[in-house]
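All of the numbers you see were taken from the coordinates with simple rules; none came from a lab. Small disclaimer: the values here were computed from a predicted structure and weren't measured. Please note: Cβ atoms are built from the backbone with ideal geometry, for glycine as well, and neighbour counts cover all protein chains shown.
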Amino acid sequence: MEDISPKILIVDDVPENVTILRTFLEDEGYSISMAPNGEKAIEIASKVLPQLILLDVMMPGQDGFQTCKKLKNSWLTHKIPIIFVTGKTSVDDIISGFEAGGSDYVTKPFTEQEILVRVKTHLQLTEFKNKNLDWKIIGKSQAVQNLVNQIEKIKKIDSNQVHVLIHGESGTGKELVARAIHSYSMFSHGPFVDINCGSIAETLQESELFGHQKGSFTDASEDKKGKLELSHNGVLFLDEISEMGLKTQASILRAIQEKSFYRIGGQKPIHINSFIISACNKDLKKEMARGQFREDLYYRLSVFPIHIPPLRERKEDIPLLVGHFVSKFNHELDKNIKSVSGDAMLALQNYQWPGNIRELSNILLRSMLLAEGETLELNYLPDEILNASQQNGMNSNEKTEIDGGSFNLEEAEAEYGITLPKDKIIPIKEIEKIVLQNALEIANGNVTYAAEQLGLSRSNLYKLIKTYNLNYSKN
């Protein structure tokens, strides 16, 4: 029978260190491979394809940082999480570890429990990513369905020629959509390489994108592959493309058109085959009018434009998103929140969410840190949510105006298919309860839609649901 235990590769030139790690990891049920140096580690990793690598830094030959970079540059091993386990404890060394592509950094001496927790965490993260390769976009609103339909069309287009531009406000999930597009594209088996243009100084953008040759400028102590080269046969995601400098815009346009480029200081052209996905939260046409974005680059990148709606335009998705984040944070925070109170959900739906899904995630995380018990109550939400809810509640207390004109009971019964007894007076609230329950069932639990059809505000309908203890599906 095939061994299905998680495979871990231990890389260390000191046998005693390997023995210590191997002993307690095997006791926990992990399958262990070992390598005495970086060169052997690359060879074994390419054959065994472990789920995780524990990597020492100080080794003869190439050190751990160099080994990590080579593993990350290989198509076979670039997705394997790497945890550095080393005696090098300076801040500069730790930064070097993460810059090399490491997922975590543990300093010696360590405890068994520390290693086991880190190993378990990164294996779970990997499993989560593998289970969500389709990067499912949460929501059932028409806006989300339209977005998903657009993404699915990526299957039918030639990603060699058609590039995608994603537009949406900050926090709407542009990278999530980009990863979903990657999974649907003809480059789904290739790497996903991202670069945030807004986080890199304009003077460094070309070096990050195109790489450089050793000695091409003062700090170029070794050859470096750029993001574009690393994205060969995969996706290059240019996040916040509006922040790219005009000089870099000209260079990336030339690279896209010619499918080749030169590293800074390089003499040989590097040929690439990459699917370019760009994203921004600014209006690029306005940036073009201001002379801050090249028109020819815009039309090259936006052959297939996709707009992500802000959360305030799809509030019916908030219960689903809340359920997703509560489940996620229950696991991360070791909580056991099983429900969200009606008042808390109403407050979340009344808020306008200027920070969109990212803000929703952060607020739920903060609230769940404070929460006790199994229900997320209204009082755990921050003031900005409560104040907005109170304001909306005041605005919703509107007087119902009854149109003038005569009312004919028989005509009303015929139009709406109801029959009232002729010899018995029924209390208004009993009729109201029946009408509300019927509306919720027809709307399949969509409170927003039911409220619109009933001529009520959403907040008033929630109050009536609570008053009458009505049943409705929170889909």
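Here are the numbers for the structure shown:
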quantity	calculated
Footprinting exposure proxy for M345, M288 (fewest neighbouring C-beta atoms within 10 Å first)	M288, M345
Measure of compaction for region 7-131 (Cα Rg per 2.2 N^0.38 Å)	0.95
Helix-only mean residue ellipticity at 222 nm for the chain, each DSSP H run of n ≥ 4 adding -39500 (n - 2.57), per residue, nearest 500	-13500 deg cm²/dmol
Rounded to 5, the percent of DSSP beta bridges in the chain classed as antiparallel	10 percent
Mean shadow area of region 415-468, taken as a quarter of the surface of its Cα convex hull (nm²)	4.2 nm²
Region 191-256-region 1-56 distance, computed between alpha-carbon centres (Å)	34 Å
Aspartates and glutamates whose Cα lies under 19 Å from that of K424, excluding same-chain neighbours fewer than 8 positions away	E410, E413, E432
Dipole magnitude (debye, nearest 20) for the chain, charges at Cβ of Lys, Arg, Asp, Glu	1060 debye
Cross-link partners of K120 among aspartates and glutamates (Cα-Cα below 13 Å; sequence separation of 8 or more within a chain)	E28, D104, E112, E332
Among (i) -0.45, -1.40; (ii) -0.43, -1.16; (iii) -0.53, -1.30, the entry that matches log10 I(q)/I(0) by the Debye sum over Cα atoms at q = 0.07, 0.13 Å⁻¹ as calculated here	(iii)
Global size of region 312-396 as Cα Rg and Dmax, reported in angstrom	12.1, 39
In degrees, nearest ten, helix 318-333 long axis to first principal axis of the chain (Cα)	50 degrees
Surface/4 estimate of mean projected area, convex hull on alpha-carbon atoms of region 142-309, nm²	9.6 nm²
Residue order, fewest to most beta carbons within 10 Å, for M368, M244, M59	M368, M59, M244
Footprinting exposure proxy for D383, D239 (fewest neighbouring C-beta atoms within 10 Å first)	D383, D239
Unsatisfied cross-links (Cα-Cα over 29 Å) in the set K69/K174; K224/K328; K47/K225; K72/K259	K224/K328
